Amino acid sequence: MTLSLAMLACGSGTGGGQDSADSSATAGTGTGTGDATASSGASEPTTGTSTDAITGTSTDAITGTSTDTSTGGPPTGAEFGVNDVSIMFPLPAHDGDRPHRLWLVPGPGESGPYFPLDKTDELPPFNADLPDLYSAAMVTSMRFDPCFGEDCQPQLRLVAQPVFTSPMSVDMLDDAAVHLFYALAPAEAEAVVDALAMIRDGSPVSTAGPLAVHPGLAVDAAGETGGRVKALVVEHCREDNLVRITNNFFAFDNWGFMRFDRGPGGVLEQRPIAGMVEQGVNQAWLRQAQHDDLDDPSGTISPAPIDGFTYLLAVGHFVDGAPVDPALAQAAAERVLELENPSLTSSDDVDCVSCHLAPQARLYAERNGVTFTGDAQFVPPEGVDTSLVLAPELQGNLGATIAFGWHRQSTGDNVLVPSINQRVINESALVAASL
């Protein structure tokens with residue numbers, strides 16, 4: 001594994017080297033039963049219907065079915081593609097699909113990673129109106145990073161979100177997630193790479209293409225593909241190697257972000273958030289428009305970033321489809337490109353909210369006369385697809401704060417759509433090219 005980056009975990013707002021967790025960590029839940037177009041980082045997203053644009057398959061791809069009949073095997077031009085190192089799970093359609101997903105608190109016949117359920121009183125609730133939701137959280141995505149932080153620590157990282165199933169349906173709440181970081185020893189990292197290759201090679205459909213719901217899981221979550229992914233998580237996401245937890249939570253129509261490192265004995269220590277004008281352990285995105293309004297990006301980041309793109313976060317800074325102050329808009333655009341480029345920015349100087357909002361701010365500003373070109377653009381590795389594919393509901397939506405998971409659209413029919421961040425795509429591309 002040749003990649004050496006101080007990679008920012010976009011979708012977590014964290015970074016830096018990890019301290020090993022002591023094997024005597026406080027007990028929590030068990031692991032359950034478990035079944036064993038190249039983008040510069042500033043390209044216009046692919047458009048289409050909510051589900052077709054997301055998955056490239058039928059509208060049932062959200063629930064795990066598909067009409068894609070392409071063959072399996074590695075992506076063209078690269079041994080690994082973005083979907084092989086960053087895996088997004090399809091949502092269950094109903095209660096019957098629960099055993100084929102991963103849960104932080106598994107029920108009978110279900111499985112999941114280690115999660116310290118006894119520590120939830122020290123973590124912020126997913127939603128201030130419904131405080132006890134960790135027991136409803138499903139793992140919605142997984143990422144492998146062979147070299148995280150200054151110590152080049154291999155890791156598996158999980159995102160979990162509250163997901164509610166019934167005998168006939170599935171639903172979610174406003175954006176909220178917990179991010180779990182599991183440190184891997186070098187030999188274990190090699191075993192993870194081998195398992196990822198097996199998942200890729202055994203997929204009944206090709207895993208090539210832009211980052212999306214994993215193509216193999218979309219058609220085979222209940223089969224061998226789903227079983228292999230679940231076994232990978234259960235085996236390598238354990239009590240002895242959980243080293244960090246970060247939170248993106250919803251409270252009083254705004255979003256908050258926190259970071260906790262996990263030390264000896266499973267003790268959680270809240271850590272400062274980098275890159276803010278005021279030092280602190282919390283940061284918030286205070287939305288000043290309707291949550292999912294595509295025509296109003298307004299809001300306040302508090303505390304503000306030291307080096308941000310806040311000019312793009314006010315509808316009054318745009319008139320007749322153009323920025324009022326082109327110079328300020330262009331400076332903000334340059335910062336967005338830096339944030340989306342994992343070769344230029346790291347967690348040493350980037351705040352949580354800026355990382356989470358950068359792609360949506362870019363998509364809104366592009367529609368309003370701001371160009372995103374320059375030396376800060378990410379140049380993708382040859383043969384790796386870094387296209388940003390989003391449903392129309394998420395193209396310039398500053399109420400979408402999930403970097404790699406699912407978003408519940410609060411307007412219209414309350415549709416559930418994948419929410420993916422360009423930074424996550426670019427990091428995944430570098431990881432794929434390094435393996």
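The values are calculated or read from the model by the stated rules, or taken from the named source; none is laboratory data. Model, not experiment: these values are computed from the prediction. All Cβ positions, glycine included, derive from the backbone under ideal geometry; neighbour counts span all protein chains shown.
Some points to look at:
- Boolean, Ser419 is polar (S, T, N, Q), surrounded by 22 or more Cβ atoms within 10 Å (Cβ to Cβ) and in contact with a His (Cβ under 8 Å, 6 or more places away or on another chain): yes
- Scanning region 266-276 for any residue that is in contact with a helix residue (DSSP H, G or I) (Cβ under 6 Å, 6 or more places away or on another chain) and part of a helix (DSSP H, G or I) turns up nothing.
- Residue list for region 111-120, filter: outside any loop (DSSP other than H, G, I, E, B) and within 17 Å of Tyr182 (Cβ to Cβ): Ser111, Phe115, Leu117, Lys119
- Residues that are assigned to a loop (DSSP other than H, G, I, E, B) and either under 14 Å from Leu211 (Cβ atoms) or of a type in the set (Gly, Ala, Ser) (or both) within region 396-421 comprise Gly396, Gly399, Ala400, Ile402, Ala403, Ser410, Gly412, Asn421, listed in sequence order.
- Residues that are surrounded by 22 or more Cβ atoms within 10 Å (Cβ to Cβ) and either touching an Asp or Glu at 6+ places or on another chain (Cβ under 7 Å) or modelled with pLDDT under 95 (or both) were ranked within region 81-98; the one that is nearest to His179 (Cα to Cα) is Val82.
- Listed here are the helices (runs of 4 or more DSSP H) enclosed by region 121-238 that have at least 3 residues being more than 21 Å from Trp103 (Cβ to Cβ) and either modelled with pLDDT of 95 or more or touching a strand residue (DSSP E or B) at 6+ places or on another chain (Cβ under 6 Å) (or both): 186-202.
- Test for Ala289: is it within 19 Å of the chain's Cα centre (by Cα) and surrounded by fewer than 21 Cβ atoms within 10 Å (Cβ to Cβ): no
- When Glu427, Glu393 are checked against the criterion of being touching a Leu at 6+ places or on another chain (Cβ under 9 Å), assigned to a helix (DSSP H, G or I) and over 23 Å from Thr345 (Cα atoms), Glu393 stands alone in meeting it.
- Check on Phe164, under 20 Å from the mean Cα position of the chain (by Cα), surrounded by fewer than 19 Cβ atoms within 10 Å (Cβ to Cβ) and of a type outside the set (Lys, Arg): yes
- Residues (surrounded by 18 or more Cβ atoms within 10 Å (Cβ to Cβ) and under 29 Å from Val415 (Cα atoms)) located in region 265-286: Gln283, Ala284, Trp285
- In the set Val431, Val379, Val389, only one residue is under 26 Å from Phe80 (Cβ atoms), surrounded by fewer than 20 Cβ atoms within 10 Å (Cβ to Cβ) and aliphatic (A, V, I, L, M); that residue is Val379.
- Some residue of region 175-190 being of a type in the set (D, E, K, R), under 15 Å from the mean Cα position of the chain (by Cα) and closer than 20 Å to Ile425 by Cβ: yes
- Flag: Arg101 matches the condition of being out of contact with any His (no Cβ under 8 Å at 6 or more places or on another chain) and within 28 Å of Glu224 (Cβ to Cβ).
- Checklist (1) closer than 26 Å to Phe250 by Cα; (2) among the β-branched types (Val, Ile, Thr); (3) under 16 Å from the mean Cα position of the chain (by Cα) applied to Val431, failing item: (1)
- Hits in region 305-340 - residues which are β-branched (Val, Ile, Thr) and in a strand (DSSP E or B): Val319
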